[in-house]
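Each remark here refers to the structure printed beneath this line.
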Amino acid sequence: MAANLYPNGALRPYLAVLAGRFQLMLQYRAAALAGFATQCWFGVIRILVFAAFYAGGAAGQPLSLRDAVTYTWLGQAFLAFLPWNADPDVADMVRSGAVAYERLRPVDTYAWWYARALAWSTARVLPRAALMVAFASVLLPLVGLGKWSLPPPPTWSAAGLFAVSALGMILLSAALTVILNVIMTATMSDRGANTLAAPFVNLFSGMIIPLAFFPDALRPFLRAQPIAGLVDIPFTIYFGGLTGADAWRAIALQAVWVVVLVLAGRWWLERALGRLQIQGG
Amino acid sequence: MPQILVEGLAKTYRVAERDPGTWGAVRGLVRRRWRTIEALKGVDFSLEAGELLGFIGPNGAGKSTTIKILSGILQPSEGRCEVGGLTPWRDRIRHVARIGVVFGQRTQLWWDLPVIEGFDLLRDIYSVPPDRYRRTRDELVGLMRLEKLLDQPVRQLSLGQRMRCEIAAAMLHEPSILFLDEPTIGLDAPSKLAVRDFVRVLNKERGVTVILTTHDMHDIEALAERVIVIGNGTILADSPFETLRQGVLAERRMFIDFEADAPDLAGLDLAGVTVHGRDGRALELAFDPRVIAAPQLISRITAAHSVADIHVDEPAIEEVIARFYDLHGAGEA
């Protein structure tokens, strides 16, 4: 286990919870298969919609149909990175009042929740993404549907930049999950945060339609806001829509948002837990 | 310097209130009324290392609030509190690394993990060196007889088994202070005894300071030399349990079985004696030993009536405490 590499390091508790939760989440095979099946279905529907849309006149579209297909499969493969919900474990603790007992751990509560969120999202994405790649990159070309498949990145540099940007996506996703945790802790309910989060994230990340399709006037704003770093930036880099300095600028933007959201989440979490009232004598 | 020092600790919080009914709910949307609740109103006490303190009081008296402040979960509104030289809520991380906490109504072990994996996770959370961890864990497992439970997921354990694991889990990092909030709640008799034995061993043999809250007076009788009674947010008494008993309910009970139906004792000179119960041939008397000594009482009764059996007892501890709460108007609000 990775944790044993740092037997006395300050990171040990966080690596332990990360590894522990990751292992636990990987056990849910049925959930992974169900998620994969759902995402295949939605991938096919979306691609059919794009195909119909482009058949009606593709001239002047910001993305080629090929790139839209790539974007769609990537979106389905990495769907579980979208912070639609607060961490369900933390939601349980908020509901039962056990959230206060998180303060009994000799750890920084923010870093602790962040490590949990990282383990939660990556452990769900990994099996689903592997199945999706097997389906969309390997199986589809084999059955003669290569035109509708998920191709590898066009260049090595696109692949490298995507890897960096995907890391940004993972870190951003965890930072947003913890912020949802904090909203939930402050409001003592998971309903509000979760109801608002899903549509907001779907729209502004570029999950519903790539941000490139939005009106020109809105695009600078849409590309600058933090949630673009969850979907639009990494996927556009993947198919080569953002290269060189443009790609690095987009990655830098992701990094800035990660730092801002981590600092804001930390400050807010301490405040919310400081004000927490615990009922019952 | 005492290990735990508490001075003038107060905690107030506000809760939103609304008038009853639909109209009240609508009005509450516009204008909130707030009610201030004083959970603690100036609590002072200190505790030396190695003491075992029992904290009792009716529901809502402020026991758990005090424990939560001492363990660093809650910030008080006012007052000073030092545990081993640290202020719990200000030096939270360093403070919680040195204490162990068990809440009888919650679990700190991971529900889906086998007990042993939960222990391993705690080893990492508290950064316990591996060899030291193994030694402590094996000792605790032996003491609490957990060998057969270690491989079971926590959710499959009975409450009694789980509570033994919880207390062991709270001791894995060898804290010098242990907080137990209602550790025996809902347990069956053997589990209660096991928990009490374990707490006694930790306190007497390891010198662990223990603060215990409970509603089970037998916990207090079995464990605590010192008892703090808390009610309505203030300390009502802080003394050995015996002192408390004598101050509140010095009376004794005499249980008499007569040869015939229990007689009316009106004709005898029995000052300081009241009839507490009567059932066929059995009679239960309450008497104050400072007014009339037991031998005197016995001789006056046996002189007038023929008696089959007599024994003298102290009132049950629950009765002592209930009487104490009544005297201080501290029954549950």
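The values are calculated or read from the model by the stated rules, or taken from the named source; none is laboratory data. This structure is a prediction, so every number in the text was calculated from the model and none was measured. We place every Cβ from the backbone using ideal geometry, glycine too, and count neighbours over all the protein chains shown. Accessible surface areas use protein heavy atoms only, side chains included; no ligands, DNA or RNA. Shrake-Rupley method; radii C 1.70, N 1.55, O 1.52, S 1.80 Å.
The residues on offer are B:V83, B:V101, B:V15, B:V96, and the sole one that is open to solvent by 10 Å² or more (accessible area, probe 1.4 Å), within 14 Å of another protein chain (Cβ to nearest Cβ), in contact with a Leu (Cβ under 8 Å, 6 or more places away or on another chain) and hydrophobic (A, V, I, L, M, F, W, C) is B:V101.
So the check is Cβ under 6 Å with 6+ separation or different chains; which pairs have a first residue in segment A:9-27 that's within 8 Å of another protein chain (Cβ to nearest Cβ) and a second one that's outside any helix (DSSP H, G or I)? Filtered contacts from segment A:9-27: A:R12/A:Y6; A:R12/B:S127; A:P13/A:V107. Residues in segment A:226-248 that are modelled with pLDDT of 95 or more and open to solvent by 30 Å² or more (accessible area, probe 1.4 Å): 1 in all. Looking at segment A:129-172, which of its residues are part of a helix (DSSP H, G or I) and not hydrophobic (A, V, I, L, M, F, W, C)? Those that are part of a helix (DSSP H, G or I) and not hydrophobic (A, V, I, L, M, F, W, C): A:S137, A:P141, A:G146, A:K147, A:S157, A:G160, A:S165, A:G168.
Contact map, segment B:150-164: first residue of a type in the set (A, V, I, L, M), second residue open to solvent by 30 Å² or more (accessible area, probe 1.4 Å), Cβ cut-off under 6 Å, separation 6 or more or different chains; pairs are B:L150/B:I116; B:V154/B:W111; B:L159/B:G186. Looking at segment B:32-107, the strands (runs of 3 or more DSSP E) lying wholly inside it that each contain 2 or more residues that are outside the structural domain of B:H173 (by TED's automatic domain parsing) and under 22 Å from B:R14 (Cα atoms) sit at B:33-47. When you check B:A266 against the structure, is it surrounded by 14 or more Cβ atoms within 10 Å (Cβ to Cβ), in a loop (DSSP other than H, G, I, E, B) and not acidic (D, E), yes or no? So B:A266 does not fit the description; no.
Residue by residue, here is whether (1) of a type in the set (G, A, S); (2) within 14 Å of another protein chain (Cβ to nearest Cβ); (3) under 30 Å from B:A322 (Cβ atoms) holds:
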position: B:R132; (1), (2), (3): no, yes, no
position: B:E139; (1), (2), (3): no, no, no
position: B:G142; (1), (2), (3): yes, no, no
position: B:L146; (1), (2), (3): no, no, no
position: B:C165; (1), (2), (3): no, no, no
position: B:F179; (1), (2), (3): no, yes, yes
position: B:D197; (1), (2), (3): no, no, yes
position: B:R206; (1), (2), (3): no, no, no
position: B:V227; (1), (2), (3): no, no, yes
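Let's see how each residue does on (1) hydrophobic (A, V, I, L, M, F, W, C); (2) touching a Pro at 6+ places or on another chain (Cβ under 7 Å); (3) open to solvent by 50 Å² or more (accessible area, probe 1.4 Å); (4) more than 9 Å from every other protein chain (Cβ to nearest Cβ):
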site	(1), (2), (3), (4)
B:R27	no, no, yes, yes
B:R32	no, no, yes, yes
B:A39	yes, no, no, no
B:L47	yes, yes, no, yes
B:E51	no, no, no, yes
B:F55	yes, no, no, yes
B:N59	no, no, yes, no
B:K68	no, no, no, no
B:S71	no, yes, no, no
